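Single-structure report; data block below.
The values are calculated or read from the model by the stated rules, or taken from the named source; none is laboratory data. The structure displayed is predicted, hence computed values, not measured ones. Here the Cβ positions follow ideal geometry from the backbone for every residue, glycine too, while neighbour counts run over all protein chains shown. Ligands, DNA and RNA are stripped out before the accessible areas are found, and what is left, the full protein with its side chains, is counted by its heavy atoms. Shrake-Rupley method; radii C 1.70, N 1.55, O 1.52, S 1.80 Å.
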Amino acid sequence: MVIISWEKVIEEVVNTRKSVRKYLNDPVDNQVVKKVMESARQAPSWKNLQCWRYILVEKEENREKLAESLPSANPARGGIVQAPLTVVLCANPEESGVSQGKEYYLVDAGITMDHLVLAAAAQGLGTCWVAWFKEDPIKELLNIPDPYRVVAMTPLGYPAKEPKDQPRKELSEIVFAEEWGKTKEF
Ligand SMILES: Cc1cc2nc3c(=O)[nH]c(=O)nc-3n(C[C@H](O)[C@H](O)[C@H](O)COP(=O)(O)O)c2cc1C
């Protein structure tokens, strides 16, 4: 029996997750979806207010309408139709905080979505953050009340092909020691 430590699992998931834009239409077991949503639920948030709500959209006609809310140039469009499920992430700006002009509902929403995305990857599922869409038609289609905002959505399903690696900045460009711009030696 091979025993893999949690540290390894987390490292593997974080370092190998990629945005998936081509999906199989294979269904995702309801209990697997529940596990993924359970991880999203555990995310930290401003004053623990948990300003997020998720809508799981499975009906093909609704997924097609969601896809239509994406500009045709959005490369994630096809995936919304192919994958058996799209998760729409909504958040309430009034159920989070604002500090020095920074609206933390977007941070809260980002964290919960990242939990979801990583939990999905751990289950062998693909996701792709989608934030380039027209919001109003989605609110109307899914009966989303004000003041909720549609922050993002992601297809959820089994990848049809392995996506390409996207480059990342070097650590030296993004990590400083003690003050801005000072190189950190590792
Ligand atoms: C806030 C946010 C919005 C995004 N919106 C879109 C989108 O509308 N369409 C799309 O194809 N990808 C979208 N992406 C995915 C990014 O393009 C992708 O994460 C990035 O290129 C890095 O690739 P990787 O996720 O495969 O590592 C978005 C990602 C984030 C975090």
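Within region 65-82, restricting attention to residues that are touching a Leu at 6+ places or on another chain (Cβ under 9 Å) and within 22 Å of GLU140 (Cβ to Cβ), the residue that is nearest to the ligand (Cβ to nearest atom) is ALA76. Contact map, region 152-169: first residue of a type in the set (Gly, Ala, Ser), second residue modelled with pLDDT under 95, Cβ cut-off under 8 Å, separation 6 or more or different chains; pairs are GLY157/ASN25. Is it the case that VAL88 is farther than 28 Å from LYS8 by Cα, in contact with a strand residue (DSSP E or B) (Cβ under 7 Å, 6 or more places away or on another chain) and surrounded by 19 or more Cβ atoms within 10 Å (Cβ to Cβ)? Criteria met by VAL88. Of the residues making up region 137-158, those that are within 16 Å of the ligand (Cβ to nearest atom), closer than 16 Å to VAL87 by Cβ and open to solvent by 30 Å² or more (accessible area, probe 1.4 Å) number 1.
Among the residues of region 159-184, the one identified as of a type in the set (A, V, I, L, M), within 16 Å of the ligand (Cβ to nearest atom) and not in a helix (DSSP H, G or I) is ALA160. Close contacts from region 50-62, counting a first residue that is within 20 Å of VAL32 (Cα to Cα) and a second that is open to solvent by less than 100 Å² (accessible area, probe 1.4 Å) and of a type in the set (Lys, Arg), with Cβ to Cβ under 8 Å and a gap of 6+ residues or different chains, come to VAL57/ARG63. Looking only at residues in region 111-136 that are assigned to a helix (DSSP H, G or I) and touching a Leu at 6+ places or on another chain (Cβ under 9 Å), the one that is nearest to the ligand (Cβ to nearest atom) is MET113.
Looking across region 44-84, the residues that are over 14 Å from VAL130 (Cα atoms) and of a type in the set (Lys, Arg) come down to LYS47, ARG53, LYS59, LYS65. Counting only residues that are among the aromatic types (Phe, Trp, Tyr) and surrounded by fewer than 14 Cβ atoms within 10 Å (Cβ to Cβ), region 1-39 holds 1 of them.
Residues in region 89-110 that are away from the ligand (no atom under 14 Å from the Cβ) and of a type in the set (Gly, Ala, Ser): SER96, GLY97, SER99, GLY101.
Conditions (1) out of contact with any Asp or Glu (no Cβ under 9 Å at 6 or more places or on another chain); (2) of a type in the set (Asp, Glu), marked per residue:
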{"position": "GLU135", "(1), (2)": "yes, yes"}
{"position": "ILE138", "(1), (2)": "yes, no"}
{"position": "PRO145", "(1), (2)": "yes, no"}
{"position": "PRO155", "(1), (2)": "yes, no"}
{"position": "GLU162", "(1), (2)": "yes, yes"}
{"position": "LYS184", "(1), (2)": "no, no"}
